[in-house]
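Student: To start, I am sharing the structure in question, which I have written as structure tokens.
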Amino acid sequence: MHFSNFANRYQKSSGTVRLMEDLGSATSAAGPICQLGGGNPAHIPEVEAILREAMADLIADTQAFGKMIGEYDAPGGNVAFRETLAALLTDEFGWSLTHENIAITNGSQSSFGLLFNSFSGLYPDGSHKRILLPLTPEYVGYFDVGLADRPIFEGRRAEIDLLPKRQFKYRVDFEGLQLNQGHGAACVSRPTNPTGNVITDEEMAKLRAACRQEHIPLIVDGAYGLPFPGMIFTPATPLWDDNTILLLSLSKLGLPGIRTGIVVATPEVIQLIQNNNAINSLAPSRIGPTLLTPLLQRGQLQTICEDLIRPHYEQKRDHALAVIAEVMSDLPIRVHKPEGALFLWLWFEDLPVTSETLYQQLMARGVFVLPSRPFYPETERSWRHQEECIRVNYAAPDETVVKGLTEIAQVVREHFRGAAAPVTGSGGASIDP
Ligand SMILES: Cc1ncc(COP(=O)(O)O)c(C=O)c1O
């Protein structure tokens, strides 16, 4: 078959493709595996029981069920859900929204392509713009969507604050930020995938001011944030204004299978999303919105997030940290302060191999994690730290987390023990000092 140039981008693997393939192969692997890669949320029995009951109510309602499965929704997504959510966000955060500020997509991943390409690449005045990522490492799922013939992302290296208890925290380097007219938008995930960082209110205020000054939008990816799923363990104020594009998702509250993303933005941005939905999928799914509207109306979703989801992940995080303290105490490890989401970002300083090599070796032992380099745009200048971290998803059952972390400790220990001899791991890309 002869494909056009366009097909090139879908013929090769990429960080996102590999991430999802790992999830798939882990699901179908013959031997025992420890799945600490991917971004699957936990199965929380109490949450699933509530969702199952809501689904049973829906199935019992002949009319609502018939509409949900038997009719296309509006291209901007289910209006009742958008109205309910607009009212909730207005009440809770004072944002003054209507349903015209909200669009539904088939998962928030599906809006990145449209948004990033709408704010980068060639502009009518002949200029080329890029998306600035003020704090890398940043979510791997952004990097493969660019359609322009030049790279569309520009990342800024995080400042590292060393903290007690072998933790550290990334911070935006505002002196090096250099936001300018070469940028069409800036984007942060908050909480951040892969690190579990929550960019502070102070940093957000500065980023918003910088974006407003340059008249470029700030895209805030709240897939793990507020109001749902609320996987934030540190004080943080959710933000929106007419220069912000906020992305929310139902996935991490336990519904990745029904693919529902939400965009909160000005009506002109919502119109883009709506038209994109119409062109590429006619309409977004109405299952998530139909299922969730009654829960939102009863205020039940917020209770689920506060009483079940957040405590669950806090407990999982504490457990994973305790296991690390036990099985890795002899290793030169630092953990990014886990302030949100469902990941631990482990930094093995001076790791004698690249984290890519470590990832491959762990996978050969049935332990799935993610290496650090794919969380940086390809064009970002290499620094050693970029090759020294791995991401571990701690949503898996406790015994899987214990087994996986113990295996990781063993493999890393072997590397540090053998460090006196030159290590030539497969795929061991060179590291800048
Ligand atoms: C930071 C972040 N944003 C967005 C997404 C995409 O979520 P979905 O497409 O399931 O809504 C993910 C998924 O892992 C994520 O980690």
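Each reported figure results from applying straightforward, stated rules to the coordinates on display, with no laboratory input. Computed from a predicted model, the values in this text were never measured in an experiment. Quick reminder, even Gly has a Cβ in these numbers, built from the backbone with ideal geometry, and neighbours come from all protein chains shown.
Student: Just the number, please: percent antiparallel of the DSSP beta bridges in segment 109-207, rounded to the nearest 5.
Tutor: Numbers: 7 of 14 bridges.
Just about 50 percent of them are antiparallel.
Student: For segment 71-299, how big is the tail of P(r) above 27 Å, as a whole percent of Cα pairs? Show your work: numbers first, answer last.
Tutor: Numbers: 8215 of 26106 pairs.
Summing the P(r) tail past 27 Å for segment 71-299 gives 31 percent.
Student: So, by mean Cβ neighbours within 10 angstrom, what's the order for 201-212, 242-253 with the highest one leading?
Tutor: Working: 201-212: 16.5, 242-253: 22.2.
With the highest mean Cβ count within 10 Å placed first, the list reads 242-253, 201-212.
Student: Taking only Cα atoms, what is the 0 to 90° angle, nearest 10, from helix 398-417's long axis to the longest principal axis of the chain?
Tutor: Helix 398-417 and the main axis of the chain meet at about 40 degrees.
Student: Something else about it: Using the alpha-carbon atoms, what tilt in degrees (0 to 90, nearest 10) does helix 109-118 show relative to the longest principal axis of the chain?
Tutor: Around 90 degrees separate the two axes.
Student: Related question: Starting with the highest mean, order 369-377, 153-161, 278-286 by the number of other Cβ atoms within 10 Å, averaged over the residues of each peptide. Numbers along the way, then the final one.
Tutor: On the way: 369-377: 24.3, 153-161: 18.3, 278-286: 16.7.
Sorting 369-377, 153-161, 278-286 by mean packing, highest first, produces 369-377, 153-161, 278-286.
Student: In the chain, what percentage of the DSSP-assigned beta bridges are antiparallel, given to the nearest 5?
Tutor: Expressed as a percentage, antiparallel bridges in the chain total about 60.
Student: Considering only lysines 8 or more places apart in sequence, or on different chains, count the pairs in the chain whose C-alpha atoms sit under 21 Å apart.
Tutor: Lysine pairs, 8 or more places apart or on different chains, close enough: 9.
Student: Do the sum for the chain: with -39,500 (n - 2.57) for every DSSP H run of n ≥ 4, divided by all residues, what is the mean residue ellipticity at 222 nm, to the nearest 500 deg cm²/dmol?
Tutor: Working: 13 runs with 160 residues, N = 433.
The per-residue figure over the chain is -11500 deg cm²/dmol.
Student: Let me ask you something else. Consider just the alpha-carbon atoms of segment 136-196 and return their Rg together with their Dmax, both in angstrom.
Tutor: Radius of gyration, then largest Cα-Cα span, for segment 136-196: 13.7, 45 Å.
Student: Using the Kirkwood radius over C-alpha pairs as Rh, can you work out the diffusion coefficient of segment 282-402 via Stokes-Einstein at 4 °C, viscosity 1.567 mPa s, in µm² per second?
Tutor: Calculated translational D: 76 µm²/s.
Student: Using only the alpha carbons, work out the radius of gyration and Dmax of segment 37-160 in angstrom.
Tutor: Looking at segment 37-160, its Cα Rg and Dmax stand at 19.8, 57 Å.
Student: While we're on this one: When the Cα atoms of the chain are enclosed in a convex hull and the volume is divided per residue, what value in Å³ results?
Tutor: Values: hull volume 70.6 nm³, N = 433.
Output value, Cα hull per residue: 163 Å³.
Student: In whole Å, how far is the Cα centre of segment 235-288 from that of segment 85-132?
Tutor: If you average the Cα positions of each part, the centres end up 8 Å apart.
Student: Applying a 10 Å radius around every beta-carbon, put 133-144, 70-81, 324-335, 401-412 in order of their mean neighbour count, most first.
Tutor: Result, highest mean Cβ count within 10 Å first: 133-144, 401-412, 70-81, 324-335.
Student: Right, next: Under a 5 Å amide H to amide H cut-off, with H placed in plane at 1.01 Å, what residues pair with S249 once short-range neighbours are removed?
Tutor: Answer set, sorted by chain and number: I262.
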